[in-house]
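*Asks:* Can you keep this structure in mind? I'll have questions shortly.
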Amino acid sequence: MTLERVVFLDRDGVINRDSPDYVKSWSEFEFLPRSIEALVHLTLAGFSTIVITNQSVINRNMMSRKTLERIHDRMTTAVGLRGGEIKDIFFCPHLPENRCSCRKPKPGLIFRSQRAYQIDLAKTFMVGDSIKDIECAKNAGCGYSALVKTGNGKAAEKILSERNIYPDHVAEDLYEAVHWITSQQENK
């Protein structure tokens, strides 16, 4: 299967509220305002959405893979009931010190999705709320990156600027980022 119009999304801080204590159960998962509407808009505009997320909570033994799968199933079901679709979810369970190739900012998760769906990365978008997300997009060769100010985005914007790393767009939230993405495609 080949996907033509792809948007990679970070999860925590972009789709749902992030937590310094990690999101470890469905009861702790809370969609950010307008995030479901944004996902529906992407779907209706013909984009495939793939979630790319670090989930070290697994290797920290704070949550099982099964629980993470249940959270993701409920998240995709909630989005689906509103008319949106999350095509797939790729996650890294490793700790930062494991130095794996899949933990963002390394591009392993995006490369894995590229192999699964024959994606032309130069035409893709990556939306995140952290330095790691924007660096991951650049490391993978994504065509565009967008930073959202939800989650860690406000702090990340300042640090990225200090490092002379600039996303292609900065948005208040996922909803605004999605409207920028769809306008980019309309201008082509």
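Just so it is clear, none of the values below were taken in a lab; they were calculated from the coordinates. Note that the structure is a prediction, hence the values are computed from the model and not measured. Cβ coordinates were reconstructed from backbone atoms using ideal geometry, including for glycine residues, and neighbour counts include every protein chain displayed.
*Asks:* Exposure proxy check: 81, 42 ranked by fewest other beta carbons within 10 Å?
*Replies:* By the 10 Å Cβ count, ascending: 81, 42.
*Asks:* May I pose another question? List the cysteines of the chain that have no other Cys Cβ closer than 4.7 Å: which are they?
*Replies:* Lacking a cysteine Cβ partner under 4.7 Å: 100, 136, 142.
*Asks:* With N set to the number of residues, divide the alpha-carbon radius of gyration of the range 48-135 by 2.2 N^0.38 Å and report two decimals.
*Replies:* Its radius of gyration relative to the 2.2 N^0.38 Å reference: 1.13.
*Asks:* Sticking with this one: Only helical DSSP H runs with n ≥ 4 go in: add -39500 (n - 2.57) per run for the chain, normalise by residue count and round the 222 nm mean residue ellipticity to 500 deg cm²/dmol.
*Replies:* For the chain, the value works out to -11500 deg cm²/dmol.
*Asks:* On to the next question. Using the count of nearby Cβ atoms within 10 Å as a rough guide to exposure, how do 126, 62, 75 rank from fewest to most?
*Replies:* Least to most surrounded, the residues fall as 62, 75, 126.
*Asks:* Just rank 27, 64, 48, fewest to most, by other beta-carbon atoms within 10 angstrom.
*Replies:* 27, 64, 48
*Asks:* Another question, then. Check residue 48: other-chain or 5+ apart residues with amide H under 5 Å from its amide H, H built from backbone geometry?
*Replies:* Distant-sequence amide H within range of residue 48: 5, 6, 7.
*Asks:* Next up: Tell me, what HN-Hα J-couplings in whole Hz come from the Karplus equation 6.51 cos²θ - 1.76 cosθ + 1.60 at θ = phi - 60° for each residue of the range 165-173, using x for Gly and Pro?
*Replies:* Running phi through 6.51 cos²θ - 1.76 cosθ + 1.60 with θ = phi - 60° gives 10, 10, x, 6, 8, 10, 10, 5, 7 Hz.
*Asks:* Using a Gaussian network for the chain with springs between C-alpha atoms less than 10 Å apart, which of these wobbles most: 100, 142, 92?
*Replies:* 100
*Asks:* Using unit Cβ charges (K, R positive; D, E negative) and no other charged atoms, how large, in debye to the nearest 20, is the dipole of the chain about its Cα centre?
*Replies:* Magnitude of the dipole: close to 600 debye.
*Asks:* Taking 0.36 nm per residue of sequence separation and subtracting the Cα-Cα distance, how much length would be gained by fully extending the chain between residue 67 and residue 162, in nm to one decimal?
*Replies:* Value of the extension gain: 30.4 nm.
*Asks:* What whole-number distance in Å separates the alpha-carbon centres of the range 2-31 and the range 130-188?
*Replies:* Spelled out, the Cα-based centre of one part sits 15 Å from the other.
*Asks:* Then there is this: What FRET efficiency comes out for the pair residue 74/residue 45, r = Cβ-Cβ distance, R0 = 25 Å, nearest 0.05?
*Replies:* The pair residue 74/residue 45 has a calculated efficiency of 0.55.
*Asks:* Shifting gears a bit: Once the Cα atoms of the range 121-188 are picked out, what are the Rg and Dmax in Å?
*Replies:* Spelled out, the Cα radius of gyration and Dmax of the range 121-188 are 11.2, 32 Å.
*Asks:* A further question on this structure: Residue 81 to residue 2: extension gain in nm, 0.36 nm per residue of separation minus the Cα-Cα distance?
*Replies:* Stretched out fully, the residue 81 to residue 2 stretch lengthens by 25.9 nm.
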